[in-house]
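Worksheet: the structure to be examined is printed underneath.
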Amino acid sequence: MQIDPLNDAMSVMKNASSIGKSECSVSPSSKLIGRVLKVMQDHGYIDQFEYIEDGRAGKFRVAMKGAINNCGVIKPRYSVKVNDLEKFEARFLPAQDFGVLIISTTEGVITHTRAKELGIGGKLLAYVY
């Protein structure tokens, strides 16, 4: 029984990147995991990903780039205002302008820099650098 599928997906990708694998499989799939993967792809942490229907919950096949130093989920999923984003950047990212926080907002799943541009807050989901 899986408690947090997003955490499992991030740990699979982190482990695959650290041992130098070119591909990994993330299961079960969900819309949230797909959107997080899209943000990671847009920022160059992974190459590409595809959804594979396996008759159960489905899975994602992720092509790794080897660009992930560390990634993980943020628990508990803090509600954050746009003014408080810098505090969480300092807590979860190693340096300023290095890595991204992934946030679920009313505009969708976006990074902390995009949330600052839009002036909106949301729930912290994950970090990647």
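The values are calculated or read from the model by the stated rules, or taken from the named source; none is laboratory data. Predicted model, so just to flag it, every value in this text is computed and none were measured. Every residue, glycine as well, gets a Cβ built from its backbone with ideal geometry; the counts of neighbours run over all protein chains shown. Just so you know, the surface numbers come from the protein's heavy atoms only, side chains and all, with ligands and any DNA or RNA stripped out. Shrake-Rupley method; radii C 1.70, N 1.55, O 1.52, S 1.80 Å.
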Item to check | Sequence ranges 122-129, 97-104, ranked by mean other-Cβ count within 10 angstrom, highest first | outcome: 122-129, 97-104
Checklist entry - How big is the range 68-124 by Rg and Dmax over its Cα atoms, in Å? => result 10.5, 29
Checklist entry - Rounded to the nearest 20 Debye, what is the dipole magnitude of the range 1-96 about its Cα centre when Lys and Arg each give +1 and Asp and Glu each give -1 at the C-beta? => result 200
Next on the checklist: With a 1.4 Å probe and all protein chains left in place, how much accessible area per residue does the chain have, in Å²?
Outcome noted: 56
Checklist entry - With all protein chains present, how much of the accessible area of the range 1-86 (probe radius 1.4 Å) comes from carbon and sulfur, to the nearest whole percent? => result 45
Checklist entry - Taking only the alpha-carbon atoms of the range 11-129, what semi-axes of the equivalent ellipsoid follow from 5 times the gyration tensor eigenvalues under a square root, in whole Å, largest first? => result 25, 17, 11
Item to check | Largest to smallest principal axis extent of the C-alpha atoms in the range 1-72, angstrom | outcome: 30, 21, 19
Checklist outcome for this item: For the chain, the longest principal axis of the Cα atoms and the Cα long axis of helix 5-18 enclose an angle in degrees, to the nearest 10, of 80
Checklist entry - Could you give the length gained on full extension between E23 and R114, defined as 0.36 nm per residue of separation minus the Cα-Cα distance, in nm? => result 29.9 nm
